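The values are calculated or read from the model by the stated rules, or taken from the named source; none is laboratory data. Here the structure is a predicted model, which means the values were calculated and not measured. We place every Cβ from the backbone using ideal geometry, glycine too, and count neighbours over all the protein chains shown.
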Amino acid sequence: AQSVTQPDIHITVSEGASLELRCNYSYGATPYLFWYVQSPGQGLQLLLKYFSGDTLVQGIKGFEAEFKRSQSSFNLRKPSVHWSDAAEYFCAVGSNYQLIWGAGTKLIIKP
Amino acid sequence: EAGVAQSPRYKIIEKRQSVAFWCNPISGHATLYWYQQILGQGPKLLIQFQNNGVVDDSQLPKDRFSAERLKGVDSTLKIQPAKLEDSAVYLCASSLPSGGTWGGANVLTFGAGSRLTVL
């Protein structure tokens, strides 16, 4: 069965430090891959997506993600986090007419 | 463009009462989704509409939940009677069809959600 795993329930990072959020998936074919962000009290907003082509994709707010087929991963990165990046981040895989969602990783920013 | 509108933002009810949530999608978005998001979990799809037809309602607890999308625009999600475990945020999202057969490629725009507390 298809699944998405975000191994880290929460991550704490100092402001200005780099960030990597992990996402692993299980899917038989080439997936459509997404990262969404949910700020407190808000709905989810698309950060970036991968459908095909260059495996390093750029998104909004300075985020990027890299698709690694051999590792079934789609990790999200940012070189320098800002306090406004504190939010919950969800990885999702597009599969057969629907999205399969990870459980999310909560990002906490230390001043 | 205007975003996805949802109301009410917050609702507190007692178990066995009923509640209804309303969603107005982005103009022109044919596909509308209702998700349930329990604290600490990812969104769970309850129902997906394409225009005013149901594409997927396999995870909708049909004994107590119902949803409709009259005229292919606004949608209402109803819970009757509510249980304690229905406490969650109900998210509405909409999208353009992605084309082809892969609905999984749809990019969703979400509303701010309706937070339900069942006491």
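Here are some conditions: (1) modelled with pLDDT of 95 or more; (2) within 12 Å of chain A (Cβ to nearest Cβ). Residue B:102 meets all but one. Which one does it not meet? For residue B:102, the failing item is (1).
Residues of segment A:78-111 that are modelled with pLDDT of 95 or more, part of a strand (DSSP E or B) and surrounded by fewer than 15 Cβ atoms within 10 Å (Cβ to Cβ): A:108 alone.
For segment B:23-38, a tally of residues being touching a residue at least 60 places away in the same chain (Cβ under 8 Å), in a loop (DSSP other than H, G, I, E, B) and either within 16 Å of residue B:6 (Cα to Cα) or not hydrophobic (A, V, I, L, M, F, W, C) (or both) returns 4.
Here is a yes/no grid of residues against (1) within 14 Å of chain A (Cβ to nearest Cβ); (2) in contact (Cβ under 8 Å) with a residue 60 or more places away in the chain; (3) under 25 Å from residue A:36 (Cα atoms):
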residue	(1), (2), (3)
B:41	yes, no, yes
B:59	yes, no, yes
B:82	no, yes, no
B:90	yes, yes, yes
B:94	yes, yes, yes
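Hey, does segment B:3-20 have a residue that's within 11 Å of the chain's Cα centre (by Cα) and more than 14 Å from chain A (Cβ to nearest Cβ)? Yes.
Filter segment B:1-51 down to the residues that are of a type in the set (A, V, I, L, M) and more than 17 Å from residue B:83 (Cβ to Cβ), then identify the one that is surrounded by the fewest Cβ atoms within 10 Å (Cβ to Cβ).
Per the criteria, the residue is B:2.
Elements of the type strands (runs of 3 or more DSSP E) sitting completely within segment A:28-75 and holding at least 2 residues that are facing chain B (nearest Cβ under 10 Å): these cover A:32-38, A:44-50.
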